[in-house]
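**Student:** First, the structure itself, so that you have it in front of you.
The values are calculated or read from the model by the stated rules, or taken from the named source; none is laboratory data. A quick note: this is a predicted structure, and the numbers were derived from the prediction, not measured. Cβ sites come from the backbone with ideal geometry, for glycine too, and all protein chains shown count toward neighbours.
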Amino acid sequence: MGKRLFGTDGIRGVAGEFPLDAPTAHAAGIALGEWARQHSDRPDVVVGIDTRESGPWLASAIAGGLSQAGARCHFAGVITTPGVAYLTRTEAFVAGVMISASHNPYQDNGVKVFGHTGYKLPDEEEHVLETEILRLVEQGAAPAPVALPVEESLARRYLDYLASTCPPLSGISLVADCGHGAASQLAPRLFERLGADVHAICRAPDGRNINRGCGALHPEAVRDEVLRRGAGLGVAFDGDADRAIFASRSGRIVDGDAVLLVCGRALLERGRLTGDNGTPMVVATVMSNLGLEKALAARGVKLVRTPVGDKYVLEEMLRRNAALGGEQSGHVIFRDYATTGDGLLTALRVLQIMKETGQDLDALTAEMVMHPQRLVNVRVGARRPLEELALTQAEIHEAERALNDSGRVLVRFSGTEPLVRVMVEAADAGQVDRYAERIAAAVRAELGGAN
């Protein structure tokens, strides 16, 4: 079932352009309001934004559509994506809307929709919404923005929940890189409340600096600050704080794969690492490093892989009754606590393990031996099935033949940007670089892209 609006993580685009223009946002509000009316006579919907300059007017346009359809909008203001998911499932909200483009630059934005369960809507329901949105746009839906006072108690209740999941963190010093995004106020408040010694950086959003040279996509910023201050660790969040990347005391970058190992091992020791047929397992994506798979296997834990996207990780976790899953990029899902990846929650789980074991991140991740991995993003001007690209397929087959069982090749379209992602992983770093560049060059030649 092809979709024109919804990708792997909601609707994404350049703010002000279709499908993130005011008329389409208004139509999305109407469509969601009509959908919500099927579940309640007077449905309530919670809406949150990150710190992009386009967030307020998009929220106002969506709220206008919701109101027109007979739904009441409750505005949480700047909050994390998992914060909206939490509020949607724990309070009397039929649906939740998060307006964010996550790790993308400020020019982009997006609309993520959650059902009352706290889960993102399944593909079939997104298709129903999309059909109605496009119908309304074609009919000429006119924006009718409404004023949105912030209900401050909503974010407070989310922070109260997070704090309730973690023991005191006194004695831990950390640097928090808020990415000038949704975590800018929430992260320092949470860690300070639990007694940690917190130094927050990149927490002065101006509408345009979200993710710019900081946050989870640029962990070197938090690493440098950890080393400069001699802190115990650092954590960097992306724009909507649904992912977290860490820096150890020694300056080592600790990604989502290493976090899955650390947290999976802790859950295993407590007998809480579940999986179908009684097999302890961790769910990750095709991008996760072979080093994670081998480290888990040495402890009798199975690694199950899915396509890229935390939505698909979660679906597989539910299907297999797995307690833990996530992505190398820092999305980590703890099913005992949340329905989506949550960077703040992930940080609490890592900090709790450090506190309980008395070990720092260097010690906790020592058994993780990473295979060299190279990811090349090729910007493309056209989108054709990769199977039809003769030169690209020839280079892929040659790389797979040369690497045999000692490595992996993955070439795929991004679900959120006009990119082809080329990933090569192997024991030999020279082979990794050579084949990644050759495949990327072939994609460039056949799809007319340029980095």
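**Student:** Which condition breaks for V97 when tested against (1) surrounded by 23 or more Cβ atoms within 10 Å (Cβ to Cβ); (2) β-branched (V, I, T); (3) touching a Gly at 6+ places or on another chain (Cβ under 8 Å); (4) over 18 Å from P43 (Cα atoms)?
**Tutor:** For V97, the exception is condition (4).
**Student:** Quick one: in region 179-193, which of the residues that are in contact with a helix residue (DSSP H, G or I) (Cβ under 7 Å, 6 or more places away or on another chain) and either without any contact (Cβ under 8 Å) to a residue 60 or more places away in the chain or among the acidic types (D, E) (or both) is nearest to S164 (Cα to Cα)?
**Tutor:** R193
**Student:** Now for a separate question. Between L58, L66, L148, L136, which is more than 30 Å from F334 (Cα to Cα) and touching a Pro at 6+ places or on another chain (Cβ under 8 Å)? Break it down into steps so the answer makes sense when it comes.
**Tutor:** On the way: L58 fails: touching a Pro at 6+ places or on another chain (Cβ under 8 Å); L66 fails: touching a Pro at 6+ places or on another chain (Cβ under 8 Å); L136 fails: touching a Pro at 6+ places or on another chain (Cβ under 8 Å).
It is L148.
**Student:** Just one of E417, E398 is of a type in the set (D, E) and within 22 Å of the chain's Cα centre (by Cα); which is it? Outline the logic, then answer.
**Tutor:** Values: E398 fails: within 22 Å of the chain's Cα centre (by Cα).
None of the others qualify; the one that does is E417.
**Student:** Looking at region 188-195, is at least one residue in the same structural domain as G239 (by TED's automatic domain parsing) and assigned to a loop (DSSP other than H, G, I, E, B)?
**Tutor:** Pass one, region 188-195, residues in the same structural domain as G239 (by TED's automatic domain parsing): 188-195.
Next, from what is left, pick out any that are assigned to a loop (DSSP other than H, G, I, E, B): 194-195.
Yes, region 188-195 contains at least one residue that is in the same structural domain as G239 (by TED's automatic domain parsing) and assigned to a loop (DSSP other than H, G, I, E, B).
**Student:** For L261, all conditions in the list (1) of a type outside the set (S, T, Y); (2) under 20 Å from the mean Cα position of the chain (by Cα); (3) closer than 22 Å to E356 by Cβ; (4) in a loop (DSSP other than H, G, I, E, B) hold save one; what is the number of the exception?
**Tutor:** (4)
**Student:** Output yes when any residue across region 42-50 is out of contact with any Gly (no Cβ under 6 Å at 6 or more places or on another chain), surrounded by fewer than 22 Cβ atoms within 10 Å (Cβ to Cβ) and of a type outside the set (D, E, K, R), and no when none is.
**Tutor:** Taking every residue of region 42-50 in turn, none turns out to be out of contact with any Gly (no Cβ under 6 Å at 6 or more places or on another chain), surrounded by fewer than 22 Cβ atoms within 10 Å (Cβ to Cβ) and of a type outside the set (D, E, K, R).
**Student:** Let me ask you something else. For region 380-388, indicate whether the set of residues that are touching a residue at least 12 places away in the same chain (Cβ under 8 Å) and buried (at least 23 other Cβ atoms within 10 Å of the Cβ) is non-empty.
**Tutor:** Going through region 380-388, the residues touching a residue at least 12 places away in the same chain (Cβ under 8 Å) turn out to be 380-384, 386.
Checking the rest, the ones that are also buried (at least 23 other Cβ atoms within 10 Å of the Cβ) come to none.
No, region 380-388 has no match at all.
**Student:** Cβ-Cβ below 7 Å, separation at least six or inter-chain, first residue in region 199-221 and under 14 Å from A244 (Cα atoms), second aromatic (F, W, Y): which pairs?
**Tutor:** Hits for this filter: G215/F237; A216/F237.
**Student:** Additional query: Can we say T131 is within 30 Å of E220 (Cβ to Cβ), hydroxyl-bearing (S, T, Y) and either free of Cβ contacts under 8 Å to residues at least 40 places away in the same chain or in the same structural domain as R249 (by TED's automatic domain parsing) (or both)? Talk me through it step by step, then tell me what you get.
**Tutor:** Values: within 30 Å of E220 (Cβ to Cβ): no; hydroxyl-bearing (S, T, Y): yes; either free of Cβ contacts under 8 Å to residues at least 40 places away in the same chain or in the same structural domain as R249 (by TED's automatic domain parsing) (or both): yes.
Criteria not met by T131.
**Student:** Out of A216, A204, I need the residue that is over 30 Å from D44 (Cα atoms), among the small types (G, A, S) and either assigned to a helix (DSSP H, G or I) or within 21 Å of the chain's Cα centre (by Cα) (or both). Which one? Working first, answer last.
**Tutor:** Numbers: A204 fails: either assigned to a helix (DSSP H, G or I) or within 21 Å of the chain's Cα centre (by Cα) (or both).
Just a single option satisfies the conditions, and that option is A216.
**Student:** Sticking with this structure for a sec: In region 102-136, which residues are within 16 Å of T81 (Cβ to Cβ), hydroxyl-bearing (S, T, Y) and surrounded by fewer than 22 Cβ atoms within 10 Å (Cβ to Cβ)?
**Tutor:** The answer is T117, Y119.
**Student:** Please enumerate the residues belonging to region 155-203 that are within 18 Å of G232 (Cα to Cα), surrounded by fewer than 23 Cβ atoms within 10 Å (Cβ to Cβ) and of a type in the set (D, E).
**Tutor:** E192, D197
**Student:** Every residue in region 137-154 that is among the charged types (D, E, K, R), closer than 26 Å to G77 by Cβ and exposed (fewer than 12 other Cβ atoms within 10 Å of the Cβ), please.
**Tutor:** E152
**Student:** Does H103 fit the bill of being assigned by TED's automatic domain parsing to the domain that holds D44, in a helix (DSSP H, G or I), under 22 Å from the mean Cα position of the chain (by Cα) and touching a residue at least 40 places away in the same chain (Cβ under 8 Å)? Outline the logic, then answer.
**Tutor:** Details: assigned by TED's automatic domain parsing to the domain that holds D44: yes; in a helix (DSSP H, G or I): no; under 22 Å from the mean Cα position of the chain (by Cα): yes; touching a residue at least 40 places away in the same chain (Cβ under 8 Å): yes.
Against the criterion (assigned by TED's automatic domain parsing to the domain that holds D44, in a helix (DSSP H, G or I), under 22 Å from the mean Cα position of the chain (by Cα) and touching a residue at least 40 places away in the same chain (Cβ under 8 Å)), H103 does not qualify.
**Student:** Next question, about the same structure. Restricting to region 160-196, give me the number of residues that are polar (S, T, N, Q) and within 20 Å of H218 (Cβ to Cβ).
**Tutor:** Let us first name the residues in region 160-196 that are polar (S, T, N, Q), namely 164-165, 170, 173, 184-185.
Restricting the remaining residues to those that are within 20 Å of H218 (Cβ to Cβ) gives 184.
Residues in region 160-196 being polar (S, T, N, Q) and within 20 Å of H218 (Cβ to Cβ): 1 in total.
**Student:** Considering only region 3-23, state which residues are more than 24 Å from the chain's Cα centre (by Cα) and either crowded, with 24+ Cβ neighbours inside 10 Å or without any contact (Cβ under 8 Å) to a residue 60 or more places away in the chain (or both). Show your work before the answer.
**Tutor:** Kept after step one, since they are more than 24 Å from the chain's Cα centre (by Cα), are these residues of region 3-23: 22-23.
Correct list: empty.
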